[in-house]
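Engineer: My questions will all concern the structure given below.
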């Protein structure tokens with residue numbers, strides 16, 4: 001699981017039936033200091049995330065477990081919205097001091 | 001999942017029997033702005049994607065196998081699971 005920023009929305013009409021009605025968002029992975037790292041990914045939303053929000057996401061087969069009741073083909077699902085960015089930053093600074 | 005552009009399809013008569021009738025597509029991973037990123041790769045099609053389409057590619061075995069063949073457990077690690085109509089970029093983050 002990693003932190004990420006929601007940077008966009010993907011609109012797709014023709015898609016796997018299990019993903020119908022699901023919001024697809026473009027996310028940019030962030031490191032502990034909230035710096036962008038790696039390539040942007042397409043994520044399925046499971047928590048009602050929106051543009052610009054700091055979120056965390058799950059990779060692999062386990063990403064589909066977040067969408068209860070369906071077996072959706074996803075390797076990247078947003079599973080949480082971070083309440084406070086300043087808290088993440090202070091945790092990162094604390095980590096550097098140790 | 002990643003975004004990619006479909007470059008074309010690969011024809012292979014001699015291949016793993018579990019692939020069935022699924023088409024094998026050559027895709028180029030791209031950034032949300034459409035710029036190519038990294039090396040091209042193969043992915044099985046499950047949504048009738050065509051050359052030039054921007055698509056969503058899942059890179060996980062169970063998802064790729066069930067989406068493209070209907071069953072888990074085939075030797076497939078990537079599949080096209082959606083055709084992108086458009087991408088709306090809401091927030092600028094400079095990717096590394």
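The values are calculated or read from the model by the stated rules, or taken from the named source; none is laboratory data. The model shown is predicted, which means the values in this text are computed figures rather than measured ones. In this analysis, Cβ positions are derived from the backbone assuming ideal geometry, glycine residues included, and neighbour counts consider all displayed protein chains.
Engineer: Could you check how many residues of region A:47-81 are within 14 Å of residue A:28 (Cβ to Cβ) and more than 8 Å from chain B (Cβ to nearest Cβ)?
Structural biologist: Going through region A:47-81, the residues within 14 Å of residue A:28 (Cβ to Cβ) turn out to be A:49, A:51-57, A:76, A:78.
From what is left, the residues that are more than 8 Å from chain B (Cβ to nearest Cβ) are A:49, A:53-57, A:78.
Going through region A:47-81 one residue at a time, the tally reaches 7.
Engineer: Scan region B:23-49 residue by residue and report those that are more than 13 Å from chain A (Cβ to nearest Cβ) and either at pLDDT below 95 or in a loop (DSSP other than H, G, I, E, B) (or both).
Structural biologist: B:23, B:40
Engineer: Mind listing whichever residues of region A:47-74 are assigned to a loop (DSSP other than H, G, I, E, B), in contact with a helix residue (DSSP H, G or I) (Cβ under 9 Å, 6 or more places away or on another chain) and closer than 18 Å to residue A:8 by Cα?
Structural biologist: Within region A:47-74, A:47, A:74 qualify.
Engineer: Given the conditions (1) within 7 Å of chain A (Cβ to nearest Cβ); (2) at positive phi, report the number of the one that residue B:82 does not fulfil.
Structural biologist: Among (1) within 7 Å of chain A (Cβ to nearest Cβ); (2) at positive phi, the lone unmet condition for residue B:82 is (2).
Engineer: Okay, next question. All but one of (1) under 29 Å from residue B:47 (Cα atoms); (2) assigned to a helix (DSSP H, G or I); (3) more than 10 Å from chain B (Cβ to nearest Cβ) hold for residue A:94, so report the exception by its number.
Structural biologist: The failed condition is (1).
Engineer: Sticking with this one: Tell me whether region B:2-14 contains one or more residues that are under 23 Å from residue A:36 (Cα atoms), at pLDDT 95 or above and facing chain A (nearest Cβ under 7 Å).
Structural biologist: Taking every residue of region B:2-14 in turn, at least one turns out to be under 23 Å from residue A:36 (Cα atoms), at pLDDT 95 or above and facing chain A (nearest Cβ under 7 Å).
Engineer: Scan region A:9-36 for residues that are in contact (Cβ under 8 Å) with a residue 40 or more places away in the chain, part of a strand (DSSP E or B) and crowded, with 21+ Cβ neighbours inside 10 Å and jot them down. Before you say what the answer is, go through the steps one by one.
Structural biologist: Start the filter on region A:9-36 by keeping residues that are in contact (Cβ under 8 Å) with a residue 40 or more places away in the chain, which leaves A:9, A:16, A:18-19, A:22, A:25, A:27, A:32-34.
With the extra rule that they be part of a strand (DSSP E or B), the set shrinks to A:9, A:25, A:27.
Across region A:9-36, the qualifying residues are A:25, A:27.
Engineer: Another one. Which residue out of A:6, A:44 is at pLDDT 95 or above, closer than 20 Å to residue B:90 by Cβ, in contact with a helix residue (DSSP H, G or I) (Cβ under 9 Å, 6 or more places away or on another chain) and at the interface with chain B (Cβ under 9 Å from one of its Cβ atoms)?
Structural biologist: Values: A:6 fails: in contact with a helix residue (DSSP H, G or I) (Cβ under 9 Å, 6 or more places away or on another chain).
On inspection, the qualifying residue turns out to be A:44.
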